[in-house]
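Worksheet: one structure, shown below.
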Amino acid sequence: EKQDLEVYRERPGKTADGVHIEVFANIGSLAEAQKAVETGAEGVGLFRTEFLAAQGLPTEEAQYAIYKDVASVLQRPLVIRTFDIGGDKPVPGLDIPEEGNPFLGWRGLRLALDRPKEVFLPQIRAILRVGATHDVRIMLPMVVVPEEVEAAKALIKQARQELLSEGKPVGNVSIGIMVETPAAAVTLDQFRGLIDFASIGTNDLVQYTYAVDRTNAHVKDRARPLGVATLRLIGQICRAGIPVAVCGQLAGDIEAVPLLVGLGVQELSVAPARVPLVKRILSEKTWGEMQLMAKQAIRE
Ligand code: PEP
Ligand code: MG
């Protein structure tokens, strides 16, 4: 079994009839970037940078060093998600008041936009600087409406201009969003022209769609990651005219892979260890077969 999967390491993700579906990896550290290279990931679709903030927010220089190291190890596309902190993920040194409903609270991009000097700008500066030499991309978490992306882009523009006026080289870095709220999912077409790509965070999207706290053991089983509601949302996301990836857990689920691809997903980002398996699953059916499966599952 393990040996079987070896052959997929050097190959891109492809359906049985040769449609390229990129298989990327999710990472949270340099060690995992190394692992992603070893397992044959075609890029990193989600770098969870909040893992770097366990002892407090890292400085711009510290972030620049780590992003550069990760990008150098990879030598392939690196999607850096800006800090998804707040609510239930406290960061030492950042005083965020305790919240009754942290998943509906001051988290992700909301916090970043409200605390730009502390949270957002140093991270953006670090990413733009690495962008001068590597293919790094910015991904914004917990987006709800286009206005938030407009505000984030204004700050990114500001960071770029400040770096240039300091004589520091910056790259042209593409900008995408996580689609993990039903609001963003059903209105993704409204983000056209604002963003270069979208990546579905199914962990949160499922939690918000089925009103099931992802950390609450009493209700966990009531969520339907592959339910009709999830699939219809994903189908709608794929019709928005924006390239779509999935980076939530569903992307590495054997049963989900053909359905996601059949709905129009172009990239799957999964735990490094699952990369070869996902490539094999992709190779077992044609794109048309996957589309048919998706059509039946979505019951439209
Ligand atoms: C998700 O919500 O699916 C996701 C990939 O982000 P995280 O699990 O880090 O919230
Ligand atoms: Mg999420």
Would you be able to say whether some residue in the stretch 47-60 is surrounded by 15 or more Cβ atoms within 10 Å (Cβ to Cβ), free of Cβ contacts under 8 Å to residues at least 40 places away in the same chain, under 14 Å from the mean Cα position of the chain (by Cα) and not in a helix (DSSP H, G or I)?
yes
Could you say whether any residue in the stretch 21-37 is of a type in the set (Val, Ile, Thr), farther than 19 Å from Ser269 by Cα, crowded, with 22+ Cβ neighbours inside 10 Å and under 17 Å from the mean Cα position of the chain (by Cα)?
no
What number of residues in the stretch 128-154 are more than 16 Å from ligand 1 (Cβ to nearest atom) and under 24 Å from Val73 (Cα atoms)?
9
Can you tell me how many residues within the stretch 49-88 are within 25 Å of Val149 (Cα to Cα) and touching a Phe, Trp or Tyr at 6+ places or on another chain (Cβ under 9 Å)?
16
Restricting the stretch 158-200 to residues that are hydroxyl-bearing (Ser, Thr, Tyr), surrounded by 15 or more Cβ atoms within 10 Å (Cβ to Cβ) and over 21 Å from Val261 (Cβ atoms), the one farthest from the chain's Cα centre (by Cα) turns out to be Thr187
Of the residues Gly100, Gly40, Gly93, Gly86, only one is within 16 Å of ligand 1 (Cβ to nearest atom) and small (Gly, Ala, Ser); which?
Gly86
What are the pairs, 6+ residues apart or on separate chains, where a residue within the stretch 237-251 that is small (Gly, Ala, Ser) has its Cβ under 7 Å from a residue that is away from ligand 2 (no atom under 13 Å from the Cβ) and assigned to a loop (DSSP other than H, G, I, E, B)?
Ala245/Val265; Ala245/Gln266
Note on Pro116: of the conditions (1) touching a strand residue (DSSP E or B) at 6+ places or on another chain (Cβ under 6 Å); (2) closer than 14 Å to Asp84 by Cα, unmet is (1)
Val275: passes all of (1) within 24 Å of Ala36 (Cα to Cα); (2) surrounded by fewer than 22 Cβ atoms within 10 Å (Cβ to Cβ) but (2)
Restricting attention to the stretch 80-139, which residues are outside any loop (DSSP other than H, G, I, E, B) and among the aromatic types (Phe, Trp, Tyr)?
Phe103, Phe120
In the stretch 178-212, which residues are within 14 Å of ligand 2 (Cβ to nearest atom) and either among the small types (Gly, Ala, Ser) or at pLDDT below 95 (or both)?
Ala184, Ala185, Ala198, Ser199, Gly201
Can you find even one residue in the stretch 17-38 that is assigned to a strand (DSSP E or B) and out of contact with any Gly (no Cβ under 8 Å at 6 or more places or on another chain)?
yes
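The values are calculated or read from the model by the stated rules, or taken from the named source; none is laboratory data. Computed from a predicted structure; not experimentally measured. Neighbour counts run over all protein chains shown; Cβ positions are idealised from the backbone, glycine included.
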